[in-house]
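The values are calculated or read from the model by the stated rules, or taken from the named source; none is laboratory data. None of these values were measured; they are calculated from a predicted model. Cβ placement follows ideal geometry from the backbone for every residue including glycine, while neighbour counts extend to all protein chains displayed. Only protein heavy atoms, including side chains, enter the accessible area calculation; ligands, DNA and RNA are left aside. Shrake-Rupley method; radii C 1.70, N 1.55, O 1.52, S 1.80 Å.
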Amino acid sequence: MNRAALIQSVIGLGPSWEARPGWFEQHPAALNRPPETLVAIDIEPEASLAPPRQDAVTSPQPDVPLVPPPGVDIAPPVLPPLPQVQASPLLEWDALERAVRDCRDCRLCQTRTQTVFGRGNKQARWLLIGEAPGEQEDKQGQPFVGRAGQLLDNMLSATGLDRDRDVYIANVLKCRPPGNRNPSGDEIATCQNYLIQQIRHIQPTLILALGRFAAQTLLQTEKGIGQLRGKLHSYQDIPLIVSYHPAYLLRNQPDKHKAWQDLIFAKKTFGRLSAD
Ligand code: SF4
């Protein structure tokens, strides 16, 4: 008799019941159980606790085709964040113009016809900033000439602004990217100090950033125009409003009314700032 049976006997619980060898295996219920109900389950304890590997996760089916149909523009790549620019000594305006004219700091100097510094009244209260010179700007050495420039002039005059008297217009890049391609992040990073110096000289009441590259460069953001327009931002405490680049508007006529809304918003904001 084992120790458990002895204790049970002493306290009056009678003999303990023990199954005969093979009792469970030979029980009718076990013998009649359909084999398919016996399911083997493989358990891998460590694997089940670990997070799933990314390459083992099945992606949901997309609602839209991953490859756009012919003729549909793919959104251009988002610019990488630009490094913070160290405040450099402020050059005199003429010296700044000469520095730009002679600049060979990035690859664009090899393909430009000439640099494009800016145009307008450097005492103006409005500063308009675009992206980079295009073909006509590269030929003439002036920003916003050609059809995009004419559209901008028309929009400005419709809001009562004279392009030579009331605004100064500059670009982020002072040299034309070949074939009017998008500026690259390193070109913008190399060139932006010239623009920063122009802003420090002009000290405008309001900046109007025209297009994604100008807006992203000045606001140090990766957000697109759609998220940035319609709001009052600031660059170094200067109020800044974002709108479309006129060259974009020439290709996307339906968005002209949005650009017009942006100009009205800018005009009202400027009026309020000037009254303060
Ligand atoms: S784009 Fe700017 S940094 Fe590059 S060469 Fe022209 S002025 Fe210099």
Review point. Based on what the data block shows, is Ala170 part of a helix (DSSP H, G or I), closer than 23 Å to His201 by Cα and either in contact with a helix residue (DSSP H, G or I) (Cβ under 8 Å, 6 or more places away or on another chain) or of a type in the set (A, V, I, L, M, F, W, C) (or both)?
Key: no
Review point. Could you count how many residues in the range 95-154 are assigned to a helix (DSSP H, G or I), more than 30 Å from Ala275 (Cβ to Cβ) and touching a residue at least 24 places away in the same chain (Cβ under 8 Å)?
Key: 13
Point to revise | Of the criteria (1) at pLDDT 95 or above; (2) open to solvent by less than 40 Å² (accessible area, probe 1.4 Å), which one Gln114 fails | key: (2)
Exercise for review: Confirm whether Arg147 is more than 26 Å from Phe270 (Cα to Cα) and open to solvent by 20 Å² or more (accessible area, probe 1.4 Å).
Suggested key: yes
Check your understanding: List pairs: first in the range 183-207 and more than 27 Å from Leu263 (Cα to Cα), second acidic (Asp, Glu) and surrounded by fewer than 20 Cβ atoms within 10 Å (Cβ to Cβ), Cβ under 6 Å, 6+ apart or cross-chain?
Key -> Thr190/Asp105
Practice item. Hey, can you tell me all the residues within the range 175-191 that are assigned to a helix (DSSP H, G or I), open to solvent by less than 30 Å² (accessible area, probe 1.4 Å) and farther than 12 Å from Val100 by Cβ? Key: Gly185, Glu187, Ile188
Check your understanding: Would you pick out the residues in the range 228-273 that are open to solvent by 70 Å² or more (accessible area, probe 1.4 Å) and part of a helix (DSSP H, G or I)?
Key -> Arg251, Gln253, Pro254, His257, Trp260, Gln261, Lys267, Lys268, Arg272
**Study point:** Tyr168 being more than 12 Å from the ligand (Cβ to nearest atom) and of a type in the set (Phe, Trp, Tyr)
**Key:** yes
Review point. Can you name the number of the only condition in (1) at negative phi; (2) open to solvent by less than 70 Å² (accessible area, probe 1.4 Å) that Asp105 fails?
Key: (2)
Exercise for review: Taking Ala124 as the residue in question, decide whether it is small (Gly, Ala, Ser) and loosely packed, with under 15 Cβ neighbours inside 10 Å.
Suggested key: no
Point to revise | The listed residue being at pLDDT below 95, away from the ligand (no atom under 13 Å from the Cβ) and over 28 Å from the mean Cα position of the chain (by Cα), out of Gln84, Gln136, Gln140, Gln123 | key: Gln136
